[in-house]
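Input: a single structure, listed below in structure tokens.
The values are calculated or read from the model by the stated rules, or taken from the named source; none is laboratory data. Fair warning: this is a prediction, and the values are worked out from it, not measured in the lab. Because the Cβ atoms are built from the backbone with ideal geometry, glycine has one as well, and the counts that use them run over all protein chains shown.
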Amino acid sequence: MRKALLIEQAQKVLKSNDLGTWTRPAPGLYPHQWLWDSCFTAIGLGHYDTARARQELVSLIRGQWLNGMLPHMIFDEDANHFTGPHVWQSHLSAAAPPGIETSGITQPPVLAEAVWRVGEQMRKTERQRFFAEMFASLLRYHSWFYRERDLHEDGLVVSIHPWETGLDNTPPWIDEMTHNIEPVWIRLVKILKLSRLFDLFRQDTRLVPASDRINTSVSLLLFHVQRRLRRKHYDSLEILRRSHFSINDVFVNSILIRNNQILEDIAHELGEEIPMDLRTSFKKSRAALEDLWCEEDKRYYCRNYVTREWIRSPYIGSLMPLYSGAISRQRAAILIKQLRDDLQYWTKYPVPSVPISAPTYHHLRYWQGPSWINTNWLLIDGLRQYGYFHGARKIKDASIELFSLHGAREYFSAIDGTPSGANNFSWTAALIIDLLSEK
Ligand code: GLC
């Protein structure tokens, strides 16, 4: 299919999910506004409607907490969905914004990247106005990370729920949660095989096959952890003070580091200053990424924040330091070798979210194996930063091929391209527009 037709097809998906000032990730399954979804969506929109792209990002600010956090979800109160305001009860926190219901945790901070990419499509005066409109919120958001999520002041921020990573059932988190805080009742559900009972209450598996989604016992665990956070009113200091479990996530830290850099670029273009203490934290973060490098396994891993032990489970996040731009060429070369290994990530339709040789790999189960277009997009960028254009090209071509064969599906088997999850998924459409629009 010709490029223009594909772009048109992807634009139709975004239009069908457009709710006026923001875009839902997909009909039915995801009716609310999600933070990083809107960022990716805006990057696509920016290619043909900068005014609408601007609105998509500005609309995120309405959910910003008084402490600076951008919540991972802003609820559409008319939507009937299993994770709505009744589950989160954000009003329990004094830091929640008045008059709007949101979740109480964040998501990977790709907002500065989205602001920058949309700005690139604007004329200089329009861009500067837009940057100025977003700058204070971005500054408050990045400051929140370092104030509330880097208590040791070592430059690595901590995440408190796998939903904060955007990779809900990613193996390193599931292993760690099961090991550290799985309550007895969930263990019993597993042993007595009672999950079928809970399956009756699942909304998501009425919309997509259960075998492609998170399994029920892991879902129960995710909601169990969410309730613990709610009990502490989403107060990071309270949560971390008595935490049995929280993680220095390599995916989140890599994304934050890159976005810190982009925030500095935005400040530079505006002739604004980033406060000195924040700049110091940015610098510390770049160096601290090395603390997540395990020399023995030659991989970057997540680290348990409490025990400070690595979680030696390789996944897509182990490659994401490429996107950070903060690692040395030697480290990048090692990661690229792993990426280009047929037994790990270099499949017909890369990049699988877990290496295909890992015992935790599952070819269609959500973040446990399939290829996703947003992580591909981040890796394409990372590979280009280190000059590996050939590898970036293969991932780009495979992503476009998946879209042209199957449309804007949520994720795809890395082995044979089988499409899975939601239909008409916004970020798939938006990022394909971006990839196709490149010169
Ligand atoms: C799922 C994904 C998350 C995404 C959300 C909406 O929870 O894991 O990354 O933001 O759906 O698409």
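Quick check: anything in segment 327-342 farther than 29 Å from N260 by Cα and in a loop (DSSP other than H, G, I, E, B)? So that I can check it myself, show each step before the final result.
The initial filter retains those residues of segment 327-342 that are farther than 29 Å from N260 by Cα, namely 341-342.
Filter once more, so that each one left must be in a loop (DSSP other than H, G, I, E, B): 341-342.
The answer is yes, given that some residue of segment 327-342 is farther than 29 Å from N260 by Cα and in a loop (DSSP other than H, G, I, E, B).
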- Task: Would you check which residues across segment 1-54 are over 28 Å from E164 (Cα atoms), hydrophobic (A, V, I, L, M, F, W, C) and modelled with pLDDT of 95 or more and list them?
- Result: A4, L5, L6, I7, A51
- Restrict the check to segment 145-158 and report whether at least one residue is within 16 Å of the ligand (Cβ to nearest atom) and surrounded by fewer than 21 Cβ atoms within 10 Å (Cβ to Cβ). no
- Among the residues of segment 386-410, which ones are more than 16 Å from the ligand (Cβ to nearest atom) and among the basic types (K, R)? R393, K394, K396
- Message: Checking the structure you have, find out if any residue of segment 90-102 is within 16 Å of the ligand (Cβ to nearest atom) and either farther than 17 Å from E410 by Cβ or among the polar types (S, T, N, Q) (or both).
- Response: yes
- Within the group L339, L378, L364, L383, which residue is out of contact with any Ser or Thr (no Cβ under 8 Å at 6 or more places or on another chain), touching a residue at least 12 places away in the same chain (Cβ under 8 Å), within 16 Å of the ligand (Cβ to nearest atom) and not basic (K, R)? L378
- Does at least one position in segment 162-183 carry a residue that is away from the ligand (no atom under 16 Å from the Cβ), within 17 Å of the chain's Cα centre (by Cα) and hydrophobic (A, V, I, L, M, F, W, C)? no
- Item | Selection from segment 186-201 of residues that are of a type outside the set (V, I, T) and within 30 Å of the chain's Cα centre (by Cα) | R187, K190, S195, R196, F198, D199, L200, F201
- Query: Does G382 satisfy the criteria of being part of a helix (DSSP H, G or I), touching a Lys or Arg at 6+ places or on another chain (Cβ under 8 Å) and modelled with pLDDT of 95 or more?
  - Reply: no
- Item | Failed item, numbered, when T83 is tested on (1) polar (S, T, N, Q); (2) within 16 Å of the ligand (Cβ to nearest atom); (3) within 21 Å of R147 (Cα to Cα); (4) surrounded by fewer than 23 Cβ atoms within 10 Å (Cβ to Cβ) | (3)
- Query: So is V225 within 16 Å of the ligand (Cβ to nearest atom), part of a helix (DSSP H, G or I), out of contact with any Ser or Thr (no Cβ under 9 Å at 6 or more places or on another chain) and farther than 24 Å from S281 by Cβ or not?
  - Reply: yes
- Task: Select, from L270, L229, L256, the only residue that is surrounded by fewer than 15 Cβ atoms within 10 Å (Cβ to Cβ) and modelled with pLDDT of 95 or more.
- Result: L270
- Query: So, in segment 55-68, of the ones that are more than 16 Å from the ligand (Cβ to nearest atom) and in a helix (DSSP H, G or I), which residue ends up nearest to L92 (Cα to Cα)?
  - Reply: I61
- Assuming T178 fulfils every condition listed in (1) touching a helix residue (DSSP H, G or I) at 6+ places or on another chain (Cβ under 6 Å); (2) modelled with pLDDT of 90 or more apart from one, which condition is it? (1)
- Note on the structure: Here the residues within segment 15-54 that are away from the ligand (no atom under 14 Å from the Cβ), assigned to a loop (DSSP other than H, G, I, E, B) and touching a helix residue (DSSP H, G or I) at 6+ places or on another chain (Cβ under 8 Å) are T21, G46, H47, Y48
- Message: Quick check on my filter: what residues within segment 355-369 are closer than 17 Å to G421 by Cα, of a type in the set (A, V, I, L, M, F, W, C) and outside any helix (DSSP H, G or I)?
- Response: L364
- Message: Looking at segment 411-419, can you tell me whether even one residue there is surrounded by 20 or more Cβ atoms within 10 Å (Cβ to Cβ) and away from the ligand (no atom under 16 Å from the Cβ)?
- Response: yes
- Query: Which residues, counting only those in segment 88-141, are assigned to a helix (DSSP H, G or I), hydroxyl-bearing (S, T, Y) and under 17 Å from the mean Cα position of the chain (by Cα)?
  - Reply: Y141
